[in-house]
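Read the structure below first, then the notes.
The values are calculated or read from the model by the stated rules, or taken from the named source; none is laboratory data. All of these numbers come straight from a predicted model, not from anything done at the bench. As a convention, Cβ positions derive from the backbone with ideal geometry for all residues, glycine included, and neighbour counts pool all protein chains shown. We work out accessible area using only protein heavy atoms, side chains counted, and drop any ligands, DNA or RNA first. Shrake-Rupley method; radii C 1.70, N 1.55, O 1.52, S 1.80 Å.
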2 protein chains.
Amino acid sequence: MLINKLAIIGVGLIGGSLARALRRAGVCNHISGYGRDETNMQRAIELGVIDEYSHDITRVVADADVVVLATPLATMEPLLGALLPSLQTKTIITDVGSAKGSVVQAARNALGDRLRQFVPGHPIAGTEQSGVEASFADLFVDHMIILTPLPENETTAVETISRMWESCGATVVSLSVDHHDQVLAATSHLPHVLAYALVDCLAGMNEHDEIFRFSAGGFRDFTRIASSNPEMWSDICIANGDKLLKMISQFESHLAGIKAMISTNDRDNLREVFARVKHTRDTMLAERQSLLSRKKPD
Amino acid sequence: MLINKLAIIGVGLIGGSLARALRRAGVCNHISGYGRDETNMQRAIELGVIDEYSHDITRVVADADVVVLATPLATMEPLLGALLPSLQTKTIITDVGSAKGSVVQAARNALGDRLRQFVPGHPIAGTEQSGVEASFADLFVDHMIILTPLPENETTAVETISRMWESCGATVVSLSVDHHDQVLAATSHLPHVLAYALVDCLAGMNEHDEIFRFSAGGFRDFTRIASSNPEMWSDICIANGDKLLKMISQFESHLAGIKAMISTNDRDNLREVFARVKHTRDTMLAERQSLLSRKKPD
């Protein structure tokens with residue numbers, strides 16, 4: 001058995017889906033949960049996602065082989081501090097936070113030399129839904145998990161967390177903390193900010209009723225991420241603020257370039273940019289798809 | 001029979017899907033097509049989308065009850081000029097262009113006092129695909145069609161075009177030309193520009209390989225519209241340039257506001273904006289869904 005006792009701190013979409021996937025894979029004997037919302041925790045029991053829960057985090061992590069922190073970024077430092085007294089030396093801690101630099105700093109502050117037990121991780125998966133009710137065992141299938149192992153980590157700890165995610169059907173890759181935060185600022189944090197800014201912009205217009213009434217599928221796809229959890233995303237924007245601000249500035253330059261082409265009726269350059277972008281997107285996403293297909297087990 | 005002979009100018013995704021839908025609804029006897037791409041036109045015949053085609057536009061529109069222009073915006077004025085010599089007084093012309101002010105100007109230039117036969121229209125439907133191969137009869141089901149009738153139009157002409165679209169399963173609404181272009185600048189043209197600018201921005205980064213490799217579903221949804229037809233979209237941006245430029249400027253202000261909150265670590269205001277946006281999007285899209293449901297025939 002890969003994991004005898006698993007402790008999930010925060011049994012929401014990600015924590016709940018991980019519990020479901022590990023249980024289905026049969027790699028986990030017992031799952032204990034911790035969370036603030038009593039209704040959500042009881043629902044997690046009813047749905048069979050976890051075996052038990054407690055509002056005492058030291059009880060939840062005691063004897064655990066693996067602890068998974070799946071709570072908003074800003075809560076991680078106090079939670080790590082609170083669980084430290086009952087943390088056994090055999091226990092490996094990981095997290096699912098969307099920005100890794102701030103999480104590593106929080107873990108360093110809270111855990112001191114027990115930082116070696118902390119293997120930072122980030123599943124590139126999710127929906128705009130929240131809570132255990134939205135969780136499902138297939139969430140990580142064919143998705144990427146990025147681990148950002150620390151120099152302090154033992155190899156066996158990193159391997160255990162890798163195998164945990166692979167047993168959920170995911171592909172695990174390693175990046176440095178800094179590289180992760182740069183890539184995610186570009187592919188995830190910036191798009192979320194753009195979607196929030198767009199919907200906020202349209203909501204403030206006189207025609208906002210018509211605007212949403214006449215919206216097409218493309219608009220709904222484009223703004224889906226603006227329905228994401230506000231607490232989680234304000235945390236992420238602050239946590240990865242430096243890199244995100246640089247990305248926003250770069251985006252602003254590109255938008256200004258297109259704006260200049262429109263204002264000068266420069267149809268030829270506009271078509272050239274759009275054609276280059278379409279080619280990039282189509283090619284890159286095809287490569288990504290083939291990468292995931294190749295990594296699938298036979 | 002609503003339409004004895006239908007002429008489709010441009011048998012691509014939209015023109016082909018309209019032909020398929022009308023044929024399925026049994027409201028059209030004969031469909032004649034016109035297009036530049038010989039392979040596409042032959043494929044349209046093989047797929048049974050049209051009954052015949054010709055490279056002579058005057059032959060295609062002769063005797064037609066309804067002519068549908070489904071070509072890029074920049075081609076409409078020359079095409080209207082070319083078809084005018086064989087245009088009978090009974091024939092109603094409509095189009096599917098995404099910007100209406102420029103199309104009405106093109107029609108006025110090309111048709112003169114025959115403008116009364118031209119009923120401008122815009123189906124709020126599409127995918128990022130192009131060509132007759134991508135067309136399908138269900139494209140307009142539960143979608144909105146915006147007509148922007150002109151003072152010159154006869155009521156019966158507007159009614160015929162409305163009934164044509166309703167027989168495809170769509171909901172038809174009327175807006176003024178100016179109102180249409182304002183609403184579409186906000187819900188469609190601005191999001192396309194943002195998606196193109198984002199992908200262009202990321203493609204220029206050193207880490208662009210990782211960026212696309214680690215992209216999640218949200219990113220792919222968000223950038224789907226950046227795979228749209230470059231010719232069509234450069235045309236739209238120029239055609240609706242004035243209104244689009246104003247929307248881009250408004251968006252830039254909202255983005256600058258969020259950027260300022262991030263740079264001052266203003267988590268509370270960020271969360272407030274994101275929560276307001278999520279509420280707006282969830283509420284507005286729910287209302288839109290219920291509007292479409294109510295309008296469905298029993």
How many of the residues making up segment A:204-230 are polar (S, T, N, Q), open to solvent by less than 10 Å² (accessible area, probe 1.4 Å) and free of Cβ contacts under 8 Å to residues at least 12 places away in the same chain? 1
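Residue by residue, here is whether (1) open to solvent by 40 Å² or more (accessible area, probe 1.4 Å); (2) of a type in the set (Val, Ile, Thr); (3) under 17 Å from the mean Cα position of the chain (by Cα); (4) more than 23 Å from residue A:215 (Cα to Cα) holds:
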| residue | (1), (2), (3), (4) |
| --- | --- |
| B:70 | no, no, yes, no |
| B:73 | no, no, yes, no |
| B:86 | no, no, no, yes |
| B:91 | no, yes, no, yes |
| B:94 | no, yes, yes, no |
Identify the single condition in (1) modelled with pLDDT under 95; (2) at positive phi that residue B:72 does not satisfy, given that it satisfies every other one. (2)
For segment A:262-272, which residues satisfy the criterion of being open to solvent by 60 Å² or more (accessible area, probe 1.4 Å) and either aromatic (Phe, Trp, Tyr) or touching a helix residue (DSSP H, G or I) at 6+ places or on another chain (Cβ under 7 Å) (or both)? A:263, A:265, A:267, A:269, A:271
Expected single match for without any contact (Cβ under 8 Å) to a residue 40 or more places away in the chain and assigned to a helix (DSSP H, G or I) among B:58, B:89 is B:58
Among the residues listed as B:125, B:137, B:99, the single one being at pLDDT below 95 and either open to solvent by less than 10 Å² (accessible area, probe 1.4 Å) or assigned to a loop (DSSP other than H, G, I, E, B) (or both): B:125
Scan segment B:231-248 for residues that are open to solvent by 20 Å² or more (accessible area, probe 1.4 Å) and within 8 Å of another protein chain (Cβ to nearest Cβ) and report the count. 3
Residue within segment A:158-166 that is more than 7 Å from chain B (Cβ to nearest Cβ), of a type outside the set (A, V, I, L, M, F, W, C) and touching a Cys at 6+ places or on another chain (Cβ under 9 Å) present: no
Taking only segment B:131-175 into account, find how many residues are over 25 Å from residue B:187 (Cβ atoms) and touching a His at 6+ places or on another chain (Cβ under 9 Å). 0
Elements of type helices (runs of 4 or more DSSP H) contained in segment B:170-279, each with 3 or more residues being at pLDDT 95 or above, closer than 23 Å to residue A:257 by Cβ and of a type outside the set (S, T, N, Q): B:190-203, B:230-239, B:241-263
Would it be correct to say that residue A:11 is open to solvent by less than 20 Å² (accessible area, probe 1.4 Å), in contact (Cβ under 8 Å) with a residue 12 or more places away in the chain and either assigned to a strand (DSSP E or B) or over 17 Å from residue A:96 (Cβ atoms) (or both)? no
Pairs under 8 Å by beta carbon, first residue closer than 17 Å to residue B:22 by Cα in segment B:151-168, partner aromatic (Phe, Trp, Tyr) and surrounded by 13 or more Cβ atoms within 10 Å (Cβ to Cβ), six or more apart or different chains? B:165/B:140; B:168/B:140
Just to be sure I understand, how many residues within segment B:104-130 are closer than 16 Å to residue B:176 by Cα and touching a His at 6+ places or on another chain (Cβ under 9 Å)? 4
Among A:178, A:221, the single one that is of a type in the set (D, E, K, R) and more than 7 Å from every other protein chain (Cβ to nearest Cβ) is A:178
Search segment A:141-150 for residues being part of a loop (DSSP other than H, G, I, E, B) and away from every other protein chain (no Cβ under 11 Å), and hand back the single one that is farthest from residue A:20 (Cα to Cα). A:150
Please give the number of the condition residue B:117 fails out of (1) over 23 Å from the mean Cα position of the chain (by Cα); (2) closer than 19 Å to residue B:157 by Cα. (1)
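Here's the yes/no breakdown for (1) surrounded by 15 or more Cβ atoms within 10 Å (Cβ to Cβ); (2) charged (D, E, K, R); (3) touching a residue at least 24 places away in the same chain (Cβ under 8 Å); (4) under 22 Å from residue B:190 (Cα atoms):
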{"residue": "A:255", "(1), (2), (3), (4)": "yes, no, no, yes"}
{"residue": "A:260", "(1), (2), (3), (4)": "no, no, no, yes"}
{"residue": "A:274", "(1), (2), (3), (4)": "yes, no, no, yes"}
{"residue": "A:290", "(1), (2), (3), (4)": "no, no, no, no"}
